[in-house]
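Take a look at the structure set out below.
Nothing in this text is a laboratory measurement; each read-out follows from the coordinates by a stated rule. As the structure is a prediction and not an experimental result, all values here were calculated from the model. Using ideal geometry, Cβ is built from the backbone for each residue, glycine included, and neighbour counts are taken over all protein chains shown.
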Amino acid sequence: MTDPHVREAARIVEAASNARPAVIRSFFDGGTFTVTHVISDPATAKAAVIDSVLDFDPASGRTSFASADKVIEYIQS
């Protein structure tokens, strides 16, 4: 191959085929009936949190971080 763009595309495809897949962990919150997802890359140890939950008690109008704390504990481990 002489085209540098084709070479670069081939390199990217090769690297992707050798990479470990992302890890997806989901946390169900029964109080809000929602799911928070953590997607992480084992190679870089980077992660993204999708649809995080702030616990809300409608009776008292108070919030807490119990669900978020579980997600943070998972990420830190």
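Along the axis of the charge dipole computed for segment 22-76 (Cβ charges of +1 for Lys and Arg, -1 for Asp and Glu, origin at the Cα centre), the listed residues Ser52, Pro42, Phe65 are led at the positive end by Pro42. With helices as the sole contributors, the chain gives -10500 deg cm²/dmol at 222 nm; each DSSP H run of n ≥ 4 counts as -39500 (n - 2.57), and the sum is divided by every residue.
In terms of other Cβ atoms within 10 Å, Thr34, Thr63, Thr44 run from fewest to most in the order Thr44, Thr63, Thr34. Here the dipole of segment 22-76 is about 100 debye; that uses its Cα centre as origin and unit charges on the Cβ of Lys and Arg (positive) and Asp and Glu (negative).
In order along segment 10-16, phi translates into HN-Hα couplings of 5, 5, 5, 5, 4, 5, 5 Hz, rounded to whole numbers, per the Karplus curve 6.51 cos²θ - 1.76 cosθ + 1.60 with θ = phi - 60° and x for Gly and Pro. Hey, of (1) 16.6, 47; (2) 19.3, 68; (3) 15.5, 51, which did the structure itself give for Rg and Dmax of the Cα atoms in Å when calculated? Only one listed value fits the structure, namely (2).
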